[in-house]
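The values are calculated or read from the model by the stated rules, or taken from the named source; none is laboratory data. Quick caveat, the model's predicted, so the values are computed rather than measured. Here the Cβ positions follow ideal geometry from the backbone for every residue, glycine too, while neighbour counts run over all protein chains shown.
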Amino acid sequence: MIMTKNKGELTMGNDKQNAFKRIMAIRGMGQVITVAFGLIVLCIVFGIINPTFFSSKNIGNLLRQIAPILIIGIGQSYVLITGNIDLSIGSVVGMSCMISATLMTKGVNPLVAVFITIICCLIVGVLNGELVAKCKLPPFIATLGTMTIARGIAQIVNNNYNTDSIGDGAKVFRNFFYYGKTMGLYNTIWIAIVLWIVFNFILSKTRTGRHIYAIGSNIEASKLSGVNTSVTTIKVYVVSAICACTVGLVTTATSGMGTMDAGNSYEMYAVAASVIGGVSTLGGQGILLGTVIGASIWGVLQNGLQFAGAPVAIRNIIIGIIVVVSVLLDVVVRTGKPRKSRVN
C-alpha cells in the first residue's frame, strides 16, 4: 500500500512537471511570466504610493484605458511575429475616427458610417500587405508612406477641421463602443476581450497562425514548405488595420467628435504593448497573452505615475526606456551575443 501511494504521488509529481515543461515550451512564455511578475510589482508599488490606485473606480477606468492599447497591440503583434512592422497603425486610428465622425455629423446612420469606415481601413491594410509582400518594399518604408497617406485622409475628410459633435443620434454608437456597461464591465473592455479571444485562437490554433510564425522564423523555408507568404503577410496587415479601425471608433465614441490628431503616437503604444509582452521584433516568437501583460504594464505605468504626480514627459521617457531595453534584451537573447563573447 505504501509503495502504491508513493508511486501515485510520484506519478502526480511527474505529471505536474511535464505540464509545467509544456507551458514553458510555448514560445515567448518565459518572457510573459517575467513581465507578469513585473506587472504585479508595479501594482504593489503604486498601491503603496497611493492606496486610491486599488479603488474600484480607478480599476474600472484603468481597464478601459488598457483596452485600446491591447487592441492595437494585438494588430502590431501579428505583424511583428512575421518579422515586419506597421507604422501606419496610429494614422489609421485617426482616419477611422475622422471618417466615422464626419459621416455621422452629415446625418449618415451610425451603422452605415461604421461599415464605410471599416472598408476604408481594410483598404489601407491590404495596401500595406501588397506593398510589403508583392512589391517587396521594406515594411518600414511601405507603412511610413501609408502612415502619411492615412493621416492626410484624416485631415482632408472634413476639410482640415475637427468635426462637430456627432450628436444624440449616435447615442447607441457611443454606448456600444465606450460608455455602456455589460455585466459590470465597460463595453470597451468587452470589445478588447472578444478581439483577443478571436485573434488568439487564429494565431495559436489554426494553419494561418502556424504560417505567421513560420514566416517570421524563416521566410525562405516557409516558401519551400508551401506557405503562401504573400497572402499570409496581407492577412496580418489586415488584422492590424481592423484593430486600428476599432480603436478609432472607440476614440470617436469617447470624445463624441472626430479629431485630426487622433491616434498620434499609437504606433509607439502598439509596439510597446507587443515587445514588453515578449513579441520579438526579429519575428517568429511571441504570444498574445504577452500582449495583454504588455498593454497592462503600459496602462499601469501611465495611471500609477499620474497618481504619483509625475509629469507626462517623465511618463513617456520611462515607457520609452522600457521599450528600448525590452528590444535590446530580445536581440541579445535571439542572436546569442553573450555566448559568443564567452567563447572569445
Exercise for the section: Could you tell me whether region 145-157 includes any residue that is surrounded by 17 or more Cβ atoms within 10 Å (Cβ to Cβ), of a type outside the set (Gly, Ala, Ser), more than 30 Å from Asn228 (Cα to Cα) and over 25 Å from the mean Cα position of the chain (by Cα)? Expected result: yes
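Evaluate region 289-296: report whether one residue or more is part of a helix (DSSP H, G or I), free of Cβ contacts under 8 Å to residues at least 60 places away in the same chain and more than 18 Å from Cys121 (Cβ to Cβ). Give the steps one after another, and end with the answer.
Narrowing region 289-296 to residues part of a helix (DSSP H, G or I): 289-296.
Remaining after also requiring free of Cβ contacts under 8 Å to residues at least 60 places away in the same chain: none.
The answer is no, given that none of the residues of region 289-296 is part of a helix (DSSP H, G or I), free of Cβ contacts under 8 Å to residues at least 60 places away in the same chain and more than 18 Å from Cys121 (Cβ to Cβ).
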Practice task
Give the residue that is nearest to Ile69 (Cα to Cα), with candidates limited to residues of region 221-262 that are among the small types (Gly, Ala, Ser), touching a residue at least 40 places away in the same chain (Cβ under 8 Å) and part of a loop (DSSP other than H, G, I, E, B).
Solution key: Ala262
Exercise for the section: Residue by residue through region 267-276, note down the ones that are surrounded by 21 or more Cβ atoms within 10 Å (Cβ to Cβ) and either of a type in the set (A, V, I, L, M, F, W, C) or over 10 Å from the mean Cα position of the chain (by Cα) (or both). Expected result: Ala270, Val271, Ala272, Ala273, Val275, Ile276
Practice task
Go through the residues of region 271-281 one by one and say whether even a single one is in contact with an Asp or Glu (Cβ under 9 Å, 6 or more places away or on another chain), modelled with pLDDT under 85 and not small (Gly, Ala, Ser).
Solution key: yes
Practice task
Please indicate, with yes or no, whether at least one residue in region 81-89 is among the hydrophobic types (A, V, I, L, M, F, W, C) and part of a loop (DSSP other than H, G, I, E, B).
Solution key: yes
Exercise for the section: Report yes if some residue within region 212-230 is buried (at least 21 other Cβ atoms within 10 Å of the Cβ), at pLDDT 90 or above and closer than 30 Å to Val172 by Cα; otherwise report no. Expected result: no
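Would you tally the residues in region 305-317 being among the hydrophobic types (A, V, I, L, M, F, W, C), surrounded by 14 or more Cβ atoms within 10 Å (Cβ to Cβ) and part of a helix (DSSP H, G or I)?
We begin by selecting, within region 305-317, every residue among the hydrophobic types (A, V, I, L, M, F, W, C); these are 305, 307-308, 310, 312-314, 317.
Now drop any that are not surrounded by 14 or more Cβ atoms within 10 Å (Cβ to Cβ), which leaves 305, 307-308, 310.
In the following step, the residues that additionally are part of a helix (DSSP H, G or I) were identified as 305, 307.
Total meeting the criteria: 2.
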Practice task
Kindly list, by first and then second residue, each pair from a residue in region 309-329 that is under 18 Å from Ala270 (Cα atoms) to a residue that is among the polar types (S, T, N, Q), limited to pairs with Cβ atoms under 6 Å and residues at least 6 apart or on different chains.
Solution key: Arg315/Gln302; Val327/Thr281
Handout entry: The listed residue being of a type in the set (S, T, N, Q) and either in contact with a Leu (Cβ under 6 Å, 6 or more places away or on another chain) or modelled with pLDDT of 80 or more (or both), out of Ser341, Ser296
Key = Ser296
Practice task
Please verify whether region 61-74 includes one or more residues that are modelled with pLDDT under 95 and farther than 22 Å from Val247 by Cα.
Solution key: no
Completion exercise
Note on region 43-94: residues closer than 18 Å to Val300 by Cβ and under 12 Å from the mean Cα position of the chain (by Cα) are Ile66, Ala67, Pro68, Ile69, Leu70, Ile71, Ile72, Gly73
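Could you tell me which of the residues Phe54, Phe46 is farther than 30 Å from Gly284 by Cα, of a type in the set (Phe, Trp, Tyr), at pLDDT 85 or above and crowded, with 16+ Cβ neighbours inside 10 Å?
Numbers: Phe54 fails: crowded, with 16+ Cβ neighbours inside 10 Å.
Just a single option satisfies the conditions, and that option is Phe46.
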Fill in the blank from the handout: Those residues of region 169-208 that are of a type in the set (A, V, I, L, M), surrounded by 13 or more Cβ atoms within 10 Å (Cβ to Cβ) and in contact (Cβ under 8 Å) with a residue 60 or more places away in the chain come to a total of 7
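I'd like to know if region 212-230 contains one or more residues that are of a type outside the set (A, V, I, L, M) and either under 11 Å from the mean Cα position of the chain (by Cα) or within 30 Å of Ala154 (Cβ to Cβ) (or both).
Keep residues of region 212-230 that are of a type outside the set (A, V, I, L, M), which gives 213, 216-218, 220, 222-223, 225-226, 228-230.
In the following step, the residues that additionally are either under 11 Å from the mean Cα position of the chain (by Cα) or within 30 Å of Ala154 (Cβ to Cβ) (or both) were identified as 230.
Yes, region 212-230 contains a residue that is of a type outside the set (A, V, I, L, M) and either under 11 Å from the mean Cα position of the chain (by Cα) or within 30 Å of Ala154 (Cβ to Cβ) (or both).
Can you confirm whether Gly73 is touching a residue at least 60 places away in the same chain (Cβ under 8 Å) and either surrounded by fewer than 19 Cβ atoms within 10 Å (Cβ to Cβ) or part of a helix (DSSP H, G or I) (or both)? Spell out how you get there, then give the answer.
On the way: touching a residue at least 60 places away in the same chain (Cβ under 8 Å): yes; either surrounded by fewer than 19 Cβ atoms within 10 Å (Cβ to Cβ) or part of a helix (DSSP H, G or I) (or both): yes.
Judged against the criteria, Gly73 is a match.
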